[in-house]
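Below you'll find the structure, written out as structure tokens, and then a few comments.
The values are calculated or read from the model by the stated rules, or taken from the named source; none is laboratory data. It should be emphasised that the depicted structure is a prediction, and the values quoted were computed from it without experimental measurement. Using ideal geometry, Cβ is built from the backbone for each residue, glycine included, and neighbour counts are taken over all protein chains shown.
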Amino acid sequence: MDTSECRVLLKALALLGSLVLCHALVDQEFTPVVTATCKAGYMTIKIQTNSSFIGAVHAKDYRTPSCLTYGNGTSSVSLVVNLFASTQSSDYCGVLVSNKTEERSLPIAVRIHKTLELADDKFYVITCGKAGFKNARNETSLVSLKMLDKEKKRRLQEVFYSHPYVMRAEISRPDGTYGVRVKSCFAFNRKNNSVTLIDDRGCPVNKQVITPFSYNEADGHADAELRSMFQFPDGNQIHFQCDVGVCKGGCPELNCDDVATTRPGTYDGAVVASTSVFVLQPGDAAALAEVVEASIWGPSWLLYLAIALGLLFLLMLIVNVFLCSAMTCSCSRTQVVEKEPSVIEDYDPYRSWHGTQYGSRYSLNGKRGYVSGGSTLNSARSVSTNSDHYAIVESSRHHRSPNHLGYPKH
């Protein structure tokens, strides 16, 4: 295998490795933990991710330098926003002010990529005073909000209008020390139009729209059924957000049928979780097939890329096997075969003492390997120590008698 073929094979292996890595990153769910504090007229938003973050965090609809920050490859990033900037100021980031409580909130977007808008991007409405929590092992519990298929409980990013779904709030690393309570859930769109689903007690505003959350403390998740998926008139993307209250030692039982319980419970902390879905119209069979395929295999282009790279790797492997076998055969044909030395191979036709046309240089009765020095009868080197009988092989076609030699007759 030459150098160029080795390079091609290494490139194919590198592409296959990067594909596996990319698929692993896609499978890993993006669940940032968002906390915010307010002090001296500024809101400090801190984003903690479960892996290195190289995306962007910005105020929704505002990508100005004062309202935007980028991840530097670490697992945390911070954004500082001026809460009292006027609309004409360059520091204005779209802070919302409540007319009743004077609370200031800020819609933000946490994007995986610096410039692209992806389906896994997270959107939050941040209000000051909400903090995260750590479990008994001093580990940060990640809180995620998911929209699941009602039958198979698969996570979905595309849903159908008027179909029922399950909204799940899930906490990673549950240890049984802390209990959770999902509250203050609402849906909103890009233009900040919103509708409240769960109130600040944790009870549904309208039970015809969503059921109360049922809690599974052992698995660390809470499920509520969204009876019929809805959408806003000006777009098909909906963002859902909930506050997850944390209670050390477990949260008290909640009775939503008791109308006397109007005050929200007290919690040791709260974590914000959100998810986004695209609402499709029913009857779109192609879109439904794409949703099912995407939930099982991931994006279709990723599947096609994996198949193409797999075929390329298999082709390169077969070519290299044939090349290696051909080179092995070529090397085996050029090997020098050594044989036992023999008497015949000792014969050299270019030596000066080779036999004449009148006789053989080998004695029939001599020892093995006995060589006659000449083939004539008068040759001194043709005398044998064992026998006086020799075979004279005459090669002349017309043997002359002594009379032809000119000797006188007697």
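Remark: Thr87 falls outside the filter, which requires a residue to be in the same structural domain as Thr37 (by TED's automatic domain parsing), within 23 Å of Phe53 (Cβ to Cβ) and in a loop (DSSP other than H, G, I, E, B).
Residues in the stretch 171-185 that are within 19 Å of Leu254 (Cα to Cα) and in contact (Cβ under 8 Å) with a residue 60 or more places away in the chain: Thr177, Tyr178, Gly179, Val180, Arg181, Val182, Lys183.
From the list Ala294, Ala286, the one residue that fits, being surrounded by 15 or more Cβ atoms within 10 Å (Cβ to Cβ) and either modelled with pLDDT of 75 or more or assigned to a helix (DSSP H, G or I) (or both), is Ala294. Just one of (1) modelled with pLDDT of 80 or more; (2) more than 19 Å from Val272 (Cβ to Cβ) fails for Asp2. It is (1).
Inspection of the stretch 200-215 finds no residue satisfying the criterion of being assigned to a loop (DSSP other than H, G, I, E, B), out of contact with any Phe, Trp or Tyr (no Cβ under 8 Å at 6 or more places or on another chain) and at positive phi. Asn192 fulfils the conditions (1) in contact (Cβ under 8 Å) with a residue 60 or more places away in the chain; (2) closer than 22 Å to Pro107 by Cβ; (3) crowded, with 16+ Cβ neighbours inside 10 Å except for a single criterion, (3).
Looking at Phe240, is it modelled with pLDDT of 80 or more, in a loop (DSSP other than H, G, I, E, B) and within 21 Å of Ser105 (Cβ to Cβ)? The answer is no for Phe240.
Considering (1) of a type in the set (D, E, K, R); (2) modelled with pLDDT of 85 or more; (3) surrounded by fewer than 18 Cβ atoms within 10 Å (Cβ to Cβ), the lone condition that Lys122 does not fulfil carries the number (3). Search the stretch 39-84 for residues being in a loop (DSSP other than H, G, I, E, B) and of a type in the set (A, V, I, L, M, F, W, C), and hand back the single one that is nearest to Leu116 (Cα to Cα). So, considering only residues that are in a loop (DSSP other than H, G, I, E, B) and of a type in the set (A, V, I, L, M, F, W, C), the one nearest to Leu116 (Cα to Cα) is Ile54.
If you go through the stretch 43-73 and keep only what is hydroxyl-bearing (Ser, Thr, Tyr), under 25 Å from the mean Cα position of the chain (by Cα) and at pLDDT below 90, you end up with Thr49, Ser51, Ser52.
Consider the stretch 150-166 and keep the residues that are part of a loop (DSSP other than H, G, I, E, B) and not charged (D, E, K, R). The one that is nearest to Phe278 (Cα to Cα) is Gln157.
Might you let me know whether the stretch 125-140 holds any residue that is modelled with pLDDT of 85 or more and closer than 22 Å to Tyr42 by Cα? Yes. Determine whether the stretch 77-91 contains at least one residue that is farther than 18 Å from Gly41 by Cβ and at pLDDT 90 or above. Looking for residues that are farther than 18 Å from Gly41 by Cβ and at pLDDT 90 or above, one finds at least one in the stretch 77-91, hence yes.
Within the stretch 217-238, residues that are in the same structural domain as Arg168 (by TED's automatic domain parsing) and farther than 30 Å from Arg173 by Cβ have Cβ atoms under 7 Å from residues that are among the basic types (Lys, Arg) and surrounded by 15 or more Cβ atoms within 10 Å (Cβ to Cβ) in these pairs: Gly235/Arg190; Gln237/Arg190, counting only partners at least 6 apart in sequence or on another chain. Checking every residue in the stretch 154-170 against the condition of being among the hydrophobic types (A, V, I, L, M, F, W, C), buried (at least 20 other Cβ atoms within 10 Å of the Cβ), touching a Gly at 6+ places or on another chain (Cβ under 7 Å) and not assigned by TED's automatic domain parsing to the domain that holds Gln48 gives zero matches.
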